[in-house]
Every structure is written in structure tokens, then in C-alpha cells.
1. Looking only at the stretch 157-174, how many residues end up being touching a residue at least 40 places away in the same chain (Cβ under 8 Å) and not in a loop (DSSP other than H, G, I, E, B)?
2. Restricting attention to the stretch 139-158, which residues are under 18 Å from residue 221 (Cβ atoms), out of contact with any His (no Cβ under 9 Å at 6 or more places or on another chain) and not aliphatic (A, V, I, L, M)?
3. Consider residue 204 against the criteria (1) among the charged types (D, E, K, R); (2) buried (at least 19 other Cβ atoms within 10 Å of the Cβ); (3) in a loop (DSSP other than H, G, I, E, B): it satisfies all of them except one. Which criterion is unmet?
4. I'd like the full set of residues that are hydroxyl-bearing (Ser, Thr, Tyr) and in contact with a Ser or Thr (Cβ under 9 Å, 6 or more places away or on another chain), limited to the stretch 1-38.
5. Being among the aliphatic types (A, V, I, L, M) and in a strand (DSSP E or B) is the requirement here; does residue 183 meet it?
6. Would it be correct to say that residue 214 is small (Gly, Ala, Ser), more than 26 Å from residue 51 (Cβ to Cβ), at pLDDT 95 or above and assigned by TED's automatic domain parsing to the domain that holds residue 242?
7. Can you tell me which residue within the stretch 117-139, out of those that are of a type in the set (S, T, N, Q) and part of a strand (DSSP E or B), is surrounded by the most Cβ atoms within 10 Å (Cβ to Cβ)?
8. Considering only residues that are modelled with pLDDT of 90 or more, part of a loop (DSSP other than H, G, I, E, B) and surrounded by 15 or more Cβ atoms within 10 Å (Cβ to Cβ), which ones fall in the stretch 69-116?
Amino acid sequence: MTTQRFFIELSYDGTNYHGWQLQPNAIGVQEVLNKALSTILRQPIETLGCGRTDTGVHAKQFFAHFTPQPPLISGGAIKIDNSLIRSLNSVLPHDIAAKRIFPVAPDAHARFDATLRSYEYHIHFNKDPFKHGYSWLLRDEPDIELMNQAAAIIMEYIDFSCFSKSNTQVKTNNCKISKAEWVKTDSGIVFHISADRFLRNMVRAIVGTLIQVGRHEIEPGDVHAIIRSKNRSNAGVSVPACGLYLTEVFY
């Protein structure tokens, strides 16, 4: 019997999790999803995600793949319908939602086949209990025009070592950013950024640096020297995880 690989699309509130990744001493979304799929499909299931999210970061869209071993549940095949999603969501906690499961090529890869990823970072300026944990509260509104000038400078580069967490064991710190823009909303501002890949902590470090620009602590042009330095200590502090969302993944 030919082994079939599946993609699963999900979303999650990252507040209660130490990111996506399996960890020995903390609960990640991956561990919870693996257990739920194993329960529903009645066999050990291991998923592989489209990337990693840090502790407390949310995902509006996230993909993972898994490859069940035959024979599967009754009939020898997975029946892809709404009842499977309902069953899976019934055993998943309230802060993780499965949206769909669909078959893919046996060699399809949730991480390496992704061509574009998009994030949003949300900031609000007035205390709001319904935004707590889902947006970063700032007392004073920064200069969004200056921040967008600095964001445009970031798009001129590909090596983002200065925004990367150290000792991440990646082969390259190069990323191709195709969008970096701040947009005003009714209650605050949102940073939109898209790239082919992201380094660990990269978006939160970029936002922290741009906030420095918006507060007139540094000039937009200073971003050139920060990026060229390839030194994390020259960039801004990482902003809180609560405002960060993985919003789209393209294949």
C-alpha cells in the first residue's frame, strides 16, 4: 500500500505554549497536535511544521505535514471530510483549531516547500482588556512615517544577522523581504512583513528597532549601520511576543 502524506492547516493562540516546537521540558503546540492526531487516527503521528514560532507568538495560519502508516483507521484510508476535522477539534484544546486536512505528494514538505511567510505585529495605545495578550500596549504613539522610512531601508538588505537570535545553527542568515510596512488602524498600528524565510526572533527585533526610530532615539538612516554590523547588540530590543502573529504561508 502506498504511503500517503497529508498537510494540516491550523491556527492557534500561542499564549499558553512555548512556541510550536517539541521541547523536553515545556509544552509546545506540536506536542499537543501530535497527541490529538494520534488519538483520532489510532496510531502514533508525528507532525513537522512550516516553521517555528517563539513562546507566546500566535498563528492565524500554520501548516504541518504528517505521514500515517498503513493500515489506517477502518477501511485502510483516511476519509477526508468535515467529520474528521470535527473529531480532531473535539480533542484539541480551545486555543488550537484545525481548519482542514488534505493529501499532498509523498515528498511534499511543510517547511522547505513554503515560498513566502507573512507576519503582523499589533500595537495599541489605549488600555483595552480585550487586547491584553494579543497586542502590545504603548503609552505614546511613535512616528509611523519615520518607521516606514526605516522599514524601506531594511528591504534593501538580505543578511539579517543583526536581528537574529544567536546560536541558532542555521546555514545562512540571508532572507528576501518582499514587504515591510506600518499601517494605522482604528486603535493603533500594525506592522506587516513578508519574506521567503525568517530567522529566530527576527520580526520582534526588527519591530524593536523600528520603534526606536519612531521614538526619535535613532534616525532612519542609522538602520544601514545596524544591519551592516551583523551584530545583534546593535539592534533594538525584542518586543513582547503577544503582539506577533504568523498570518499567511504560501507554497
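1. Residues in the stretch 157-174 being touching a residue at least 40 places away in the same chain (Cβ under 8 Å) and not in a loop (DSSP other than H, G, I, E, B): 4 in total.
2. Answer for the stretch 139-158, where residues must be under 18 Å from residue 221 (Cβ atoms), out of contact with any His (no Cβ under 9 Å at 6 or more places or on another chain) and not aliphatic (A, V, I, L, M): 145, 148, 149.
3. Unmet for residue 204, out of (1) among the charged types (D, E, K, R); (2) buried (at least 19 other Cβ atoms within 10 Å of the Cβ); (3) in a loop (DSSP other than H, G, I, E, B): (3).
4. Of everything in the stretch 1-38, those that are hydroxyl-bearing (Ser, Thr, Tyr) and in contact with a Ser or Thr (Cβ under 9 Å, 6 or more places away or on another chain) turn out to be 3, 12, 17.
5. When the stated conditions are applied, residue 183 passes them.
6. Values: small (Gly, Ala, Ser): yes; more than 26 Å from residue 51 (Cβ to Cβ): yes; at pLDDT 95 or above: yes; assigned by TED's automatic domain parsing to the domain that holds residue 242: yes.
It is true that residue 214 is small (Gly, Ala, Ser), more than 26 Å from residue 51 (Cβ to Cβ), at pLDDT 95 or above and assigned by TED's automatic domain parsing to the domain that holds residue 242.
7. Of the stretch 117-139, the ones of a type in the set (S, T, N, Q) are 118, 126, 135.
Then keep just the ones that are part of a strand (DSSP E or B); that gives 118, 135.
Values: 118: 19, 135: 24.
Selected residue: 135.
8. Matches in the stretch 69-116: 92, 95, 108, 109, 110, 111, 113, 114.
The values are calculated or read from the model by the stated rules, or taken from the named source; none is laboratory data. Please read all numbers here as calculations on a predicted model, not as lab measurements. Every residue, glycine among them, receives a Cβ derived from its backbone with ideal geometry; neighbour counts consider all protein chains shown.
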